[in-house]
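Below is one structure, written out as structure tokens; the observations come after it.
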Amino acid sequence: MAEDPAPLLEIPELSRKTYLTIHSFQALNAMSYTIALGSPLTLFARELGATASILGLIAAFTPLLAMLQLLVAPYAAKVGYRPVVMRGWSGRVATLILLCALPWVAPLVSRELSVAAIVLSLFLFNLIRGYAAGSWLPWTAALIPRGSRARFLTRDRTFTAAAGVAALGISGTILSGERTAIGYSAMFALSFLAGAASLYFLNRIPPAPSVAGPAGETVRAVVPWRSILTNRGFMIYAAFGFGIQLVTAAANTFVIVFVREEVGLPDGFIIQIAAIAQGVSMLALWYGRRRIELRGSKRYIGFGLAWLVFYFAMWFAMAGRLVPSMLIVAPILMALHGLGFGLLDLAGTRMLMNMGGDRHGSSQFFAVYQTGANLATGFSPILWGIALDAMRGGSLNRYFVFFGAEIALVIVMGLVLTRVRER
């Protein structure tokens, strides 16, 4: 079926103050979720005794509950993205109070109840987040002109990376000493305070403007779902996003578990290396910001895939004891991962904004892409968590199998990328 020749909208440039407001929100938001959803939370859950299957379940909440955006997308397009995001982010921040209290409650109850409490806390956090998550990207795509998106994303990712470095640095310092209830509680309190502060800036971001195409076309906020699902060019890229999330979602959780349990890196050091990787990712952003605008996203996505093949090949070699001195190689590999993945994220997000934005039913295009990606992100760590638990103590080298499968999936996604055409 022929693709819908939807108009490319003419979007006015934002003021410098508005850009700074958006970046400030994103920085504080990143500081909050880096702790609440990242390696600090994973290590705390492991400290409480969570199994690999439970860690996979927790990691799956964010993407699986984000599928609510399929239901919310048409509603958000009609009432406006801003009020939907405001309500969702406010509720999400409120749930972090439960996480702040958990380190004090855990010693007073059984291990099973402690693990159940952290699962419930993260479920509520992500349920409310899922309501609003799908409105952020169409909101920003409606605000940022096409010619400014790579520069915007570079600044945006730089702010969020710097905030992530700060959050991980503080968390790593806390966990480097004796792990106590007050330390974990302080770490989650920082997440709550940063999230609360981010709402101040979120409230000052303007609503998406009403714009028309270059010939004055009427732009429809809502279109039939079938017209999106039959758009071949967009759906190929959606399939690519699905596959990439299959790869990266499980790796984000189980690389941490691998270096903690198989390599022997301490918790505080793992988080500090994660902070360094965030800093390194900023180098990739500033390298790619102008080049991606001039040459397109696709070639830099290809570079990111090549990095992932090398990245997983090194972990594959370490899991098979083919690389000596893992205590040296593993931290270097984790730090350098920020460079390759940062470029992949920048180029991939820009391509998504261009392929899903500036057209009829923009919020629904984003919802379809993100739902597929979130399905992969949700089920990948759950299934791998179950598989890794099942292989524990068996004849198979479970991480050798895991990293080998990751390499194969990246190669398949490279083949899918050859079918993608930029819009």
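Below are the figures for this structure:
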item	result
Average Cα contact separation per residue, the stretch 296-423, under 8 Å, 6 or more apart, as relative contact order %	44 percent
Spin-label pair ALA306/ILE411, simplified geometry with 7 Å Cα→Cβ offset, distance in nm	1.7 nm
Carbon + sulfur, % of accessible area of the chain - ligands and nucleic acids excluded, 1.4 Å	67 percent
Karplus-derived HN-Hα couplings along the stretch 156-162 (A = 6.51, B = -1.76, C = 1.60, θ = phi - 60°), whole Hz, x at Gly and Pro	4, 5, 5, 4, 5, 5, 4
Centre separation in Å (Cα based) which lies between the stretch 20-53 and the stretch 249-289	13 Å
Potential lengthening between VAL109 and ALA313 on full extension [0.36 nm per residue; Cα-Cα distance subtracted]	69.2 nm
For the stretch 240-257, Karplus couplings with θ = phi - 60° (6.51, -1.76, 1.60), whole Hz, Gly/Pro x	4, x, 4, x, 4, 5, 4, 6, 7, 5, 5, 4, 4, 8, 8, 5, 4, 5
Translational D in µm²/s for the chain (Stokes-Einstein at 20 °C, 1.002 mPa s, Kirkwood Rh from C-alpha pairs)	97 µm²/s
Accessible area (Å², per residue) of the stretch 245-395, counting only protein heavy atoms and a probe of 1.4 Å	37 Å²
Karplus-derived 3J(HN,Hα), 6.51/-1.76/1.60, for each residue of the stretch 199-207, Hz, glycine and proline x	5, 4, 6, 4, 5, 9, 7, x, x
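The values are calculated or read from the model by the stated rules, or taken from the named source; none is laboratory data. The model shown is predicted, which means the values in this text are computed figures rather than measured ones. FYI the Cβ positions are ideal-geometry reconstructions off the backbone, even for glycines, and counts take in every protein chain you see. These accessible areas exclude ligands, DNA and RNA; they are computed on the full protein's heavy atoms, side chains included. Shrake-Rupley method; radii C 1.70, N 1.55, O 1.52, S 1.80 Å.
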